Amino acid sequence: MSAQGTPKAADKTTGMSKPTPKGAWTVTFLLFLFMLVNFADKIVVGLAGVPIMTELKLEPEQFGLLGSSFFFLFSISAIVVGFIVNKVPTRWVLLTLAVIWALTQFPMVGTVSFTTLVICRIALGAGEGPAASVAMHAIYKWFPDEKRTLPTAILSQGSAFGVILAVPALNWIIVNHSWHYAFGALGIVGLIWVAAWLALGKEGPLEDTQFLAANEPRIPYLQLLTSRTFIGCVAATFGAYWALSLGLTWFTPFIVKGLGFSQSQAGFISILPWVFGATIVILTGWISQVMMARGSTTRIARGVLGSVPLVIGGLILATMPHVQGAGFQIALLVVGTGLCGAIYVVCPPMLGEFTPASQRGAVLAIYGALYTLAGIVAPAVMGTVIQRAGNMVDGYMTGFTINAVIMVGSGLLGLLLLWPNTERARLTGNAAPQAAALKGAVSPT
């Protein structure tokens with residue numbers, strides 16, 4: 001065991017704030033780029049949706065299936081890898097995931113069938129399922145609890161910038177060359193990140209996971225996963241991810257086929273929700289950290305701050321079918337769905353508040369696996385609704401109304417259930433007698 005393990009773990013028990021280690025922001029930037037590549041990989045199918053449907057002669061239901069296929073193994077992979085990172089350094093897990101992302105892009109460069117495209121998207125989803133939770137777990141090894149909200153927000157920005165930067169570039173490739181080459185470009189970018197991570201990526205020094213597993217109190221996973229804050233985080237983020245997965249798959253086709261814009265115009269319009277969402281995420285991270293510094297409970301500074309925008313966003317989105325004009329409808333869609341970003345910033349730190357560090361990788365992964373189930377359902381539901389509607393625009397509006405209802409409901413559940421400060425006291429209180437009884441023994445993992 002490293003000589004550094006004992007004092008670092010002791011800091012956690014005494015409640016003293018740890019300083020931010022040198023190199024923390026370099027790793028944060030690399031993981032920001034990691035999430036940037038992650039979301040560029042996700043959005044390419046939606047961005048190239050119309051050319052793909054045209055070339056492969058796909059119906060809306062088939063394209064909805066293609067969008068959903070990305071999530072078929074997403075949750076399973078997230079859970080499996082979540083337990084792995086309780087044992088294996090995150091540095092190597094992140095490297096392996098990025099290699100999988102890159103390699104699954106290259107088959108699309110040539111002539112491809114619908115079946116091959118689906119298989120590659122399933123494989124990519126398996127590689128990307130653990131990405132956010134593993135990256136978050138890695139970041140938390142560099143920052144103490146009271147300093148985690150801002151790096152979490154920055155990491156979340158990788159998703160927004162993955163769209164903001166990638167969409168114009170990928171759309172240019174699609175318009176001027178082929179959608180096939182857009183996938184190839186993403187594969188090359190993924191390999192570049194792999195090289196950068198090999199050179200600069202490091203494991204965070206604040207937590208020795210093996211030491212903590214042997215010495216810190218453990219809480220049964222059943223208690224962690226049935227705590228009201230865990231359930232609230234899953235419920236609230238499920239609604240946000242429903243909106244996100246629709247944006248990844250159906251936003252650009254809606255702009256082109258539903259509102260009549262060209263593919264070139266749609267490329268620029270498609271970045272608007274992500275620009276707005278990026279602003280919301282950064283503001284949420286900053287406001288949350290300021291509120292906590294001024295003495296607010298995490299119930300307010302994280303739970304309420306993340307849930308209220310979901311409710312407001314859902315109400316805004318619900319008005320979309322009742323207004324006229326493409327510009328106004330796009331504005332409502334951008335603002336309504338963009339407000340969802342707040343919940344991604346606050347939920348991982350809330351879970352980190354009461355989850356032992358040696359169990360945090362698995363808990364974050366299970367959380368991600370559950371809320372991303374929305375990604376399986378939402379694109380397929382939208383495709384079915386569009387195909388069965390009287391006309392295409394009515395189908396889109398019905399799909400967005402369903403999204404609005406889910407967002408409002410999930411936000412209300414978040415307001416009801418997110419109490420991380422009292423959760424921590426209750427769970428650690430239950431764990432204390434267990435720790436006393438087992439003092440001096442090393443608990444098996």
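The values are calculated or read from the model by the stated rules, or taken from the named source; none is laboratory data. What you see is a predicted model; the values in this text were computed from it and never measured. Please note: Cβ atoms are built from the backbone with ideal geometry, for glycine as well, and neighbour counts cover all protein chains shown. Please note that ligands, DNA and RNA were not included when accessible areas were found on the heavy atoms of the full protein model with its side chains. Shrake-Rupley method; radii C 1.70, N 1.55, O 1.52, S 1.80 Å.
The largest-to-smallest principal axis extents of the Cα set in the range 15-96 are 59, 25, 24 Å. Convex hull volume of the Cα atoms of the chain, normalised per residue: 124 Å³.
Positive end of the dipole of the chain (Cβ unit charges, origin at the Cα centre): among Leu191, Ala235, Ala389, the Cα lying farthest that way belongs to Ala235. Computed from point charges on the beta carbon alone (+1 for Lys and Arg, -1 for Asp and Glu), the dipole magnitude for the chain about its Cα centre is near 880 Debye. Ranked by solvent-accessible area (1.4 Å probe, protein heavy atoms only, all chains present), the residues Met350, Met392 order from largest to smallest as Met392, Met350.
Rg over Rh for the range 176-291 works out to 1.09, using Cα positions for both radii and the Kirkwood form for Rh. Here the chain has 71 percent of its accessible surface on carbon and sulfur atoms, given a 1.4 Å probe and all protein chains in place.
Remark: accessible surface ordering of Ile188, Ile287, Ile139 (largest first) is Ile188, Ile287, Ile139, probe radius 1.4 Å. Diagonalising the gyration tensor over the Cα atoms of the range 100-205 and scaling each eigenvalue by 5 before taking the square root yields semi-axes of 30, 16, 13 Å, largest first. Between the helical axis of 74-84 and the longest alpha-carbon principal axis of the chain there is an angle of about 20 degrees.
Between Leu416 and His177, the modelled label-to-label distance comes to 5.1 nm, taking each label 7 Å out from Cα in the direction of the beta carbon. Largest mean-square fluctuation among Thr279, Thr54, Thr229, in a Gaussian network model of the chain whose springs join Cα atoms under 10 Å apart, belongs to Thr54. Residue ranges 320-326, 409-415 sort as 409-415, 320-326 when ordered by packing (mean number of other C-beta atoms within 10 Å per residue, highest first).
Calculated FRET efficiency, Ile192 to Phe328, Cβ-Cβ distance, R0 = 60 Å: about 0.90 to the nearest 0.05. The Kirkwood radius of the range 334-413, taken over pairs of alpha-carbon atoms, gives through the Stokes-Einstein law at 37 °C and 0.692 mPa s a diffusion coefficient of 222 µm² s⁻¹. From helices alone, the chain scores -24500 deg cm²/dmol at 222 nm; the rule is -39500 (n - 2.57) for each run of n ≥ 4 DSSP H residues, then divide by the residue total. Shown here for the range 236-340: trypsin sites (Lys or Arg not before Pro) in loop regions (DSSP other than H, G, I, E, B) with at most 16 other Cβ atoms within 10 Å, namely Arg294. For Leu315 and Trp92, the difference between the fully extended length at 0.36 nm per residue and the C-alpha to C-alpha distance is 76.0 nm.
The residues of the chain present an accessible area of 38 Å² per residue when probed at 1.4 Å with all protein chains retained.
Here is the list for the range 21-68: trypsin sites (Lys or Arg not before Pro) lying in DSSP coil, each with at most 12 other C-beta atoms within 10 angstrom of its C-beta, are Lys22, Lys57. Remark: C-alpha extents of the range 286-356 on the principal axes read 49, 25, 15 Å, sorted largest to smallest. Taking all protein chains together, Asp394, Asp41 sort by accessible area into Asp394, Asp41, largest first [probe 1.4 Å].
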